[in-house]
Amino acid sequence: MTKQIHHVTVIGAGGMGALFGAILSEGGLEVTLVDTNREHIDAIQKNGLLVSGYGDNRRLMLKATHDVKQIEQTDIVLVQCKGTATHQAALAMTHLADAGAVFISFQNGLGNEDVLADVLGLENVLGGLTSMAGAQTGPGQVRDFDRVPSYIGEWGGGNSVRAEAVAAAFTAAGLETYASADIRMDIWKKLIGNMAMSAVSGVTNLTSVEILRLDPLRKVCYAALDEAISIARSQDINLDRDVVVKGLELMTAPGGTGDNKSSLCLDVLARRPSEVEFIYGVPLQLADEAGLAVPTLRSLYGFVKGIETHYVGSYDREGG
């Protein structure tokens, strides 16, 4: 990427997407938020985006739309919709790929980048990960929890000038970002933390801090973590357990992201389909292929699928 970065489009303007858009807009980049939640987008169009929490309350006037087809060209697309919507979103963005956009997934779990690459081209896709936390608190409103570094890298692997350029532009705009030569390994680091905590939060309706204060739940989380590490190693992702634990401690620290419930928990509370297949389902398929016994992870996956039977069917029939 040799051109300067001016315009960023965010696909999926929920808690995290809107927060990233707000930070980059405050830093001087032109940002457009895209989301199918009409009430949320209408509120942003009418009154701006209200950001509370970290950095004091502020209201930002951002461009927002329900339809990505209204955007003819953009430099960067941050894909931050739920994994269940990735394929449909990718199909709607082929015109942006044809116009030279670069797509960066900051989504949870495994598989989203591959879906984007299949539709939009591997050469147009970067992987991303962040341990930042944002939560949508109402139409046109998000809560900002803290600041920690984010990482991006070529989904095909290796260093690249464009990853460095995007990281530098985001950092200059206030979203501290670093280019990674092995973004797949970095994504596994976060995924393992999500596999340890997400379903536990979803089943108990507790924050990470609250979970880790209860010894029985803490033991469940660390059993899940060890099983997740075994799956990663079966994929030649050789992570140091101490490094993974430090990452988990960062994700679950009080006074920041640890005070937030997992996105899976928020999906359960809102009675909408969660990303359980991307966080647990895909890794469990890899475990099956490797012949691994991962009973804690299978139980967590099963509990969430069981909870979802109470509302996912009706949700789908209603077209939500």
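The values are calculated or read from the model by the stated rules, or taken from the named source; none is laboratory data. Everything numeric in this text was worked out from a predicted model, so none of it was measured. Using ideal geometry, Cβ is built from the backbone for each residue, glycine included, and neighbour counts are taken over all protein chains shown.
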**Request:** Answer yes or no: is there a residue in the stretch 83-103 that is touching a residue at least 40 places away in the same chain (Cβ under 8 Å), under 14 Å from the mean Cα position of the chain (by Cα) and not in a helix (DSSP H, G or I).
**Result:** no
**Asked** Which one is surrounded by the fewest Cβ atoms within 10 Å (Cβ to Cβ), of the residues in the stretch 120-137 that are farther than 16 Å from D182 by Cα and free of Cβ contacts under 8 Å to residues at least 60 places away in the same chain?
**Response** G121
**Search result, residues across the stretch 47-56 that are in contact with an Asp or Glu (Cβ under 7 Å, 6 or more places away or on another chain) and assigned to a loop (DSSP other than H, G, I, E, B)** = Y54, G55
**Fill in**
Scanning the stretch 57-82 for residues that are over 29 Å from E308 (Cβ atoms), charged (D, E, K, R) and not in a helix (DSSP H, G or I) gives R58, R59, K63, E72, D75
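Looking for something aliphatic (A, V, I, L, M), in contact with a Gly (Cβ under 8 Å, 6 or more places away or on another chain) and either buried (at least 24 other Cβ atoms within 10 Å of the Cβ) or not in a strand (DSSP E or B) (or both) - is there at least one such residue anywhere in the stretch 215-224? Quick ask: steps written out before the conclusion?
From the stretch 215-224, those aliphatic (A, V, I, L, M) are 217, 220, 223-224; that's our starting set.
Going one step further and asking which of them are in contact with a Gly (Cβ under 8 Å, 6 or more places away or on another chain), we end up with none.
Checked against the condition, which is being aliphatic (A, V, I, L, M), in contact with a Gly (Cβ under 8 Å, 6 or more places away or on another chain) and either buried (at least 24 other Cβ atoms within 10 Å of the Cβ) or not in a strand (DSSP E or B) (or both), the stretch 215-224 yields no hits at all.
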**Item:** Residue in the stretch 138-173 that is surrounded by the most Cβ atoms within 10 Å (Cβ to Cβ), counting only those that are touching a helix residue (DSSP H, G or I) at 6+ places or on another chain (Cβ under 6 Å) and under 16 Å from S25 (Cα atoms)
**Value:** V142
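Among E72, E30, which is out of contact with any Asp or Glu (no Cβ under 7 Å at 6 or more places or on another chain), in contact (Cβ under 8 Å) with a residue 12 or more places away in the chain and farther than 22 Å from G174 by Cβ? So that I can check it myself, show each step before the final result.
Values: E30 fails: farther than 22 Å from G174 by Cβ.
Just one listed residue meets the conditions, E72.
Of the residues I23, I44, which is over 20 Å from the mean Cα position of the chain (by Cα), outside any strand (DSSP E or B) and crowded, with 17+ Cβ neighbours inside 10 Å? Show your work before the answer.
Values: I23 fails: over 20 Å from the mean Cα position of the chain (by Cα).
Step by step, each of I23, I44 is checked, and only I44 is over 20 Å from the mean Cα position of the chain (by Cα), outside any strand (DSSP E or B) and crowded, with 17+ Cβ neighbours inside 10 Å.
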**Asked** Is there any pair linking a residue in the stretch 10-22 that is over 13 Å from I44 (Cα atoms) to one that is β-branched (V, I, T) and part of a helix (DSSP H, G or I), with Cβ under 7 Å and at least six apart or on different chains, and which?
**Response** I11/V68
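Residues are listed down the side, and each one gets a yes or a no for (1) outside the structural domain of Q73 (by TED's automatic domain parsing); (2) modelled with pLDDT under 95; (3) assigned to a helix (DSSP H, G or I):
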{"residue": "N108", "(1), (2), (3)": "no, yes, no"}
{"residue": "G128", "(1), (2), (3)": "no, no, no"}
{"residue": "L175", "(1), (2), (3)": "no, no, no"}
{"residue": "V209", "(1), (2), (3)": "yes, yes, yes"}
**Request:** Among the residues of the stretch 138-166, write down those that are closer than 13 Å to I183 by Cα and hydrophobic (A, V, I, L, M, F, W, C).
**Result:** I152, W155, A163
**Prompt:** Looking at (1) assigned by TED's automatic domain parsing to the domain that holds Q88; (2) on the phi > 0 side of the Ramachandran plot; (3) not acidic (D, E), can you tell me which one A133 breaks?
**Reply:** (2)
**Request:** Residue by residue through the stretch 269-304, note down the ones that are more than 16 Å from A224 (Cβ to Cβ) and modelled with pLDDT of 95 or more.
**Result:** Q285, D288, E289, A290, G291
**Message:** Quick check on this structure: which one of D144, D114 is more than 13 Å from the chain's Cα centre (by Cα), of a type outside the set (A, V, I, L, M, F, W, C), outside the structural domain of L264 (by TED's automatic domain parsing) and under 27 Å from H40 (Cα atoms)?
**Reply:** D144
**Message:** Report every pair of residues separated by at least 6 positions or lying on different chains whose Cβ atoms are under 9 Å apart, first residue within the stretch 148-168 and without any contact (Cβ under 8 Å) to a residue 60 or more places away in the chain and assigned by TED's automatic domain parsing to the domain that holds L129, second crowded, with 23+ Cβ neighbours inside 10 Å and acidic (D, E).
**Reply:** W155/E113
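Taking the condition farther than 17 Å from I187 by Cβ and either surrounded by fewer than 16 Cβ atoms within 10 Å (Cβ to Cβ) or modelled with pLDDT under 90 (or both), does L248 pass? Let's see the steps before the verdict.
Numbers: farther than 17 Å from I187 by Cβ: no; either surrounded by fewer than 16 Cβ atoms within 10 Å (Cβ to Cβ) or modelled with pLDDT under 90 (or both): yes.
Considered against the rule, which asks whether it is farther than 17 Å from I187 by Cβ and either surrounded by fewer than 16 Cβ atoms within 10 Å (Cβ to Cβ) or modelled with pLDDT under 90 (or both), L248 comes out as no.
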